[in-house]
Amino acid sequence: MAQHKSAKKRIRQEAKRRIHNRYYKKSARTAIKKLREMTDKAEAEKYLPKVVSQIDRLVKKGTWHKSKASNLKSKLTKYVNSL
């Protein structure tokens with residue numbers, strides 16, 4: 001258990017940040033799943049930039065690694081183009 005005031009504050013901040021990160025990670029995963037289930041090309045092309053934007057925001061915040069994001073964006077783009 002933390003003894004110092006600063007350590008207690010750090011624990012509170014990390015808990016808040018963890019919840020925040022979980023929300024945005026889950027939102028991105030849900031959006032990716034939704035995009036992969038789409039069969040209409042026009043609809044998927046319209047939705048792809050929104051998903052890519054979410055992924056880029058996660059990378060910018062350091063929640064996801066940039067290579068993971070790059071691989072995801074590549075696969076999603078290939079999927080949309082193959083429709």
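Here is how the numbers come out for the structure above:
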| quantity | calculated |
| --- | --- |
| Region 18-41 - residue that is of a type in the set (D, E, K, R) and out of contact with any Phe, Trp or Tyr (no Cβ under 9 Å at 6 or more places or on another chain) and, of those, farthest from K60 (Cα to Cα) | D40 |
| Members of region 34-71 that are in contact (Cβ under 8 Å) with a residue 24 or more places away in the chain, among the hydroxyl-bearing types (S, T, Y) and exposed (fewer than 13 other Cβ atoms within 10 Å of the Cβ) | T39 |
| Search result, residues across region 21-34 that are of a type outside the set (G, A, S) and out of contact with any Lys or Arg (no Cβ under 9 Å at 6 or more places or on another chain) | R22, Y23, K25, K26, R29, T30, I32, K33, K34 |
| Sole residue being polar (S, T, N, Q) and modelled with pLDDT under 95, chosen from T30, T39, T77 | T39 |
| Residues (within 24 Å of R17 (Cβ to Cβ), at pLDDT 95 or above and among the basic types (K, R)) located in region 58-74 | K60, K66, K68 |
| Residues within region 13-58 that are among the aliphatic types (A, V, I, L, M) and over 27 Å from L83 (Cα atoms), tallied | 2 |
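The values are calculated or read from the model by the stated rules, or taken from the named source; none is laboratory data. Nothing here was measured: the structure is a model prediction, and the numbers come from that model. Every residue, glycine among them, receives a Cβ derived from its backbone with ideal geometry; neighbour counts consider all protein chains shown.
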